[in-house]
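Worksheet: one structure, shown below.
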Amino acid sequence: MGFRTDAIHAGQEPDPTTGAVTIPIYQTSTYVQEGIGKHKGFEYARTQNPTRMALEKNVAALERGVAGYAFASGMAATTALTHLLLKQGDHAICSDNVYGGTFRLFDKIVRHYGVEFTYVNTGSLADLEKAMRHNTRMVFIETPTNPIMSITDIRRVSDIAHKANCRVVVDNTFMTPYFQRPLELGADIVVHSTTKYLNGHSDSVGGVAVLKRQDDAERLQFIQNAAGAILSPFDSWLVLRGIKTLPIRMEAHNVNGMAVAKFLASRKEVRKVYYPGLPNHSGHDLAKKQMSGFGGMIAFDLGGLDHAKRFLERVRLCSLGESLGGVETLISHPATMTHASVPIEERNRLGITDGLVRISVGIEDVDDLIADLESAFAAL
Ligand SMILES: Cc1ncc(COP(=O)(O)O)c(C=O)c1O
């Protein structure tokens, strides 16, 4: 089926009990069994829940994987993947410009279990090849990266990693399967913060991982149940509902994103705009090849903390807040908000300067958004 059809129907047969068109919220912790070992395939809700399973099947279909598993947050999904892929004595490579919380998880927790991490610019295949070791078991990439929007070639990274018997995980939160499908490009696993575009309405926190290999899928299902960081039935239902409109929302984010990026690029107060849809973006050609849209995430540099502060205090329609991917426009200051856990020297090296502002362009009328940004520029 086509993507829009799958978004609405995949994994969502009418409810067998009542015929309800919308999958119900199965708010139960357990299920009655007819006798010892005799049940309908549902024993305990950490292990199986029909609402969560509908979401998992849906996202697996959209990402073209064999199975998906939903977790209590994007970070819980990534944590489960470290349980799947890494053990003491292993080495992992991570894009040097990932979401700050991902870096924090690897550096402050997983590293203490005897796993070594190397952070490289995965946009450079030579740097990646140099970092590979005989015991490298995971290459974790985010593309485009958060917040600088640099692009990594998923196909070529996968070729390099697979020669070394190493899995490739792609955080596809920014693009969603509507604009980018990493498994079709050669990656092994996709992870999402469903908190963002998949749910799309800023009213749920969750995560999902989708796998290409059956053996990985079986092991992750075991880990999901054993470690237990499952997504609740209500959140599963919210994300399923959000995904039904994912294609039309992503189209709208894309159109507004391009218009806002062009507007920002035209302002003299802006030193640099990071948006892969602009022809002068370093990853523009690659982005055109592996993505079918550029999305709604933009970062721009106002040249210093003072300017960023004044600008952010002045916006009205754009809400100052962490997170992204909702229908409403959110604006943030990565250095003090989403990326505060990244050491300052590292932030500066990556371009996450004190003057950098990130905007998650929503689907409001774009003229209203531009008017709001224009009035904030007047404060500088
Ligand atoms: C790209 C990306 N990946 C993962 C996460 C973590 O997701 P969550 O906040 O749902 O744990 C975030 C959160 O901002 C993110 O932006």
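The values are calculated or read from the model by the stated rules, or taken from the named source; none is laboratory data. Just so it is clear, the structure is predicted and the values come from calculations on it, not from any experiment. All Cβ positions, even for glycine, are placed from backbone atoms using ideal geometry, and neighbour counts span all protein chains on display. The accessibility values were calculated without ligands, DNA or RNA, using every heavy atom of the protein model including side chains. Shrake-Rupley method; radii C 1.70, N 1.55, O 1.52, S 1.80 Å.
For the reader, a short list of remarks on this structure follows.
- Over 17 Å [Cα-Cα, segment 106-175], rounded percent: 43
- Equivalent-ellipsoid semi-axes for segment 205-341 (Cα gyration tensor, √(5λ), whole Å, largest first): 33, 20, 16.
- Degrees, to the nearest 10: 214-227 long Cα axis against longest axis of the chain: 90
- Debye equation applied to the C-alpha atoms of segment 128-227, log10 I(q)/I(0) at 0.16 Å⁻¹: -0.74
- Between Ser282 and Ala227, the contour length at 0.36 nm per residue exceeds the alpha carbon distance by 15.8 nm.
- Note on Asp15 and Asp367: the model spin-label points, each 7 Å out from Cα along the C-beta direction, lie 4.4 nm apart.
- Counting Cα-Cα pairs of the chain in 10 Å increments starting at 0 gives whole-percent bin shares of 5, 24, 33, 24, 11, 3, 0, 0.
- Under 12 Å from Lys108, Cα to Cα: aspartates and glutamates that are on another chain or at least 8 residues apart: Glu116
- Shown for segment 159-285: lysine pairs separated by 8 or more places, or found on different chains, whose C-alpha atoms are under 24 Å apart, numbering 6.
- Whole-Hz Karplus values for segment 34-46 come out as 6, x, 4, x, 10, 7, 8, x, 10, 10, 8, 6, 5 Hz, taken residue by residue from phi with 6.51 cos²θ - 1.76 cosθ + 1.60 and θ = phi - 60°; glycine and proline positions read x.
- At R0 = 35 Å, FRET efficiency that the Cβ-Cβ distance of Lys38 and Arg104 yields, to 0.05: 0.15
- In order along segment 128-140, the phi-based Karplus estimate (6.51 cos²θ - 1.76 cosθ + 1.60, θ = phi - 60°) of 3J(HN,Hα) comes to 5, 4, 5, 7, 5, 10, 4, 9, 6, 10, 8, 10, 10 Hz; Gly and Pro are listed as x.
- Our summary gives the chain a relative contact order of 18 percent, counting only alpha carbon pairs under 8 angstrom and 6 or more residues apart.
- Accessible surface ranking that places the most exposed of Glu34, Glu129 first, with a 1.4 angstrom probe: Glu34, Glu129
- Relative to the current alpha-carbon distance between Val327 and Ala259, full extension at 0.36 nm per residue lengthens the span by 22.9 nm.
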